[in-house]
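Reviewing the structure listed below.
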Amino acid sequence: MKRLSINNSKEEIYEAYKKALDRARVEKYRNSKHIEHKKEIRAEKNKAINTISYKNFKMRQVLWGLNKRLEKLRGRYKSHQLKGRKEGYNIAVRRMDKTYFKADNPARFIGHVNLLADVMNLKTDECAFLLWANRYDYFTKSDFLRDMDDTGVPYYGCLVRLRRKDYIMKLEEAKEFGRFKFALTGTGKVTAVRIDKFVKKVT
């Protein structure tokens, strides 16, 4: 830009003034366009933020409803679970066989039991375990200790062997009073019934 002084003519000063005015108008126009562009960007940004906020709000409403629904379902599940445990316990107590017997010929009886175990590919303690387990719809080690602690029948030994033979299954991963629950399979129940019939026949 050419610098002016008091020695320049009026025409030169006026011409410089006109050019400066034109440049100022152009700059003002550019600034106005820039401001409008920023307003458009800000409006789009606010619109996007409002849309996301609304979606987030609706999603939180849905999640709140789902959580409430899950709380109700958990309450119903616990109620049914407690009811089922109580009914199962009552059924198991009713099915418990409290009968005690005395064999007329102990030697012959033991021989028959040994023969039965060989024929069914079982050990004597496994036969006893199956007969005991068939009293319950499901059982835990606490039940075994209460009923069979003085018999010498190994709980875990029989449990592992009979599970391998598909006579016993674990009901669920959850524990009852800190202990796993087990039950006889269909094969286990049939075998236990056969053993029971045989024992009652030979006594």
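Nothing in this text is a laboratory measurement; each read-out follows from the coordinates by a stated rule. These numbers were taken from a predicted model, which means no experiment stands behind them. Positions of Cβ are backbone-derived with ideal geometry, glycine not excepted, and every protein chain shown enters the neighbour counts.
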Sequence-distant residues sharing a close amide H with Leu171 (under 5 Å, placed H): Lys181, Phe182, Ala183
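Please rank Lys170, Lys201, Lys181, fewest neighbouring Cβ atoms within 10 Å first, as an exposure proxy. Can you show the working numbers first?
Values: Lys170 12, Lys201 8, Lys181 21.
Lowest to highest Cβ neighbour count: Lys201, Lys170, Lys181.
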Simple SL model, points at 7 angstrom along Cα→Cβ for Lys72 and Ser32; separation in nm is 6.2 nm
Could you go through segment 16-31 in sequence order and give the Karplus-derived ³J(HN,Hα) for each residue, using 6.51 cos²θ - 1.76 cosθ + 1.60 with θ = phi - 60°, rounded to whole Hz, and x for Gly and Pro? 5, 4, 4, 5, 5, 5, 4, 5, 5, 5, 4, 5, 5, 5, 4, 5
If the chain between Ser79 and Arg146 were fully stretched, how many nm would it gain, using 0.36 nm times the residue separation less the Cα-Cα distance? 21.4 nm
